[in-house]
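The values are calculated or read from the model by the stated rules, or taken from the named source; none is laboratory data. A quick note: this is a predicted structure, and the numbers were derived from the prediction, not measured. A quick note on method: Cβ atoms are made from the backbone with ideal geometry, for glycine too, and the neighbour counts reach across all protein chains shown.
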Amino acid sequence: MAIGGTIRANELLVSRYFRQLLSLEARDNDKVLHWKVVGYNGIEKTESSAQSFTIKQPGKLELQCPEQPVNKNYAFSWSKGEYSAFYLQLGYNKEFARGTYTQITAKTSPTGIRNYYSRLLQYKKKASDGRLYARMYTKDKNGRETYSNACEFTLA
């Protein structure tokens, strides 16, 4: 997909088309975008060679895995990176399939699980091996979703 338009000399297109660039980036596994300049004077067309660039990715989101087993007073901690809103996901399916986890708005790191412990006990019964899983979910200021590493844990 190309982003085109008439621009003035020295106009910075990146700020003008940033959302579209993020959309293109999301479609590319390598997260590499390409650009070139095309000029037309009404008679002939000329173009530069293609160049590539990447958009700075936000820092890695890292969940600190608990020592085993976890009791109701446990609190999960994570590295904040360049994010503003965080959600702790706790469940019994390591793939976090829909309906197998609960999502908690995590306002601070660490975030305690006391209010969710009874639900975790129910999840433990649903898990074939009694193991539960946790991960963090967030979006950066540009709307790009990110998940942390997943941690496996058991309840006391």
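Filtered by the rule that a residue be free of Cβ contacts under 8 Å to residues at least 60 places away in the same chain, in contact with an Asp or Glu (Cβ under 9 Å, 6 or more places away or on another chain) and not small (Gly, Ala, Ser), segment 79-112 gives GLU82, LYS94.
Pairs meeting the criteria (first residue in segment 134-151 and over 17 Å from TYR101 (Cα atoms), second residue outside any strand (DSSP E or B) and of a type in the set (Phe, Trp, Tyr), beta carbons under 6 Å, at least 6 apart or on different chains) are ASP140/TYR83. Are any of the residues in segment 67-75 surrounded by 11 or more Cβ atoms within 10 Å (Cβ to Cβ), closer than 20 Å to LYS139 by Cβ and in contact with a Ser or Thr (Cβ under 8 Å, 6 or more places away or on another chain)? Among the residues of segment 67-75, not one is surrounded by 11 or more Cβ atoms within 10 Å (Cβ to Cβ), closer than 20 Å to LYS139 by Cβ and in contact with a Ser or Thr (Cβ under 8 Å, 6 or more places away or on another chain), which makes the answer no.
Can you find even one residue in segment 97-109 that is closer than 23 Å to GLN57 by Cβ and loosely packed, with under 13 Cβ neighbours inside 10 Å?
Quick first cut of segment 97-109, residues closer than 23 Å to GLN57 by Cβ only: 106, 109.
Now restrict to residues that are loosely packed, with under 13 Cβ neighbours inside 10 Å: none.
Among the residues of segment 97-109, not one is closer than 23 Å to GLN57 by Cβ and loosely packed, with under 13 Cβ neighbours inside 10 Å, which makes the answer no.
Just a yes or no: is a residue in segment 113-134 surrounded by fewer than 19 Cβ atoms within 10 Å (Cβ to Cβ) and under 28 Å from SER23 (Cβ atoms)? No.
Farther than 14 Å from ASN71 by Cα and surrounded by 16 or more Cβ atoms within 10 Å (Cβ to Cβ): is that true of ALA150 in this structure? When the stated conditions are applied, ALA150 passes them. Annotation for segment 54-61: at least one member residue is crowded, with 18+ Cβ neighbours inside 10 Å and in contact (Cβ under 8 Å) with a residue 40 or more places away in the chain. Note on segment 31-47: among residues that are assigned to a loop (DSSP other than H, G, I, E, B) and under 22 Å from GLN20 (Cα atoms), the one that is modelled with the highest pLDDT is VAL32.
Which residues, counting only those in segment 65-78, are in contact (Cβ under 8 Å) with a residue 24 or more places away in the chain and either more than 12 Å from LEU132 (Cα to Cα) or assigned to a loop (DSSP other than H, G, I, E, B) (or both)?
Our first condition is that a residue be in contact (Cβ under 8 Å) with a residue 24 or more places away in the chain; within segment 65-78, this holds for 65-66, 68-78.
Residues satisfying the conditions are CYS65, PRO66, GLN68, PRO69, ASN71, LYS72, ASN73, TYR74, ALA75, PHE76, SER77, TRP78.
In segment 114-132, is there at least one residue being closer than 19 Å to LYS80 by Cβ and touching a residue at least 12 places away in the same chain (Cβ under 8 Å)? No; the residues of segment 114-132 include none that is closer than 19 Å to LYS80 by Cβ and touching a residue at least 12 places away in the same chain (Cβ under 8 Å).
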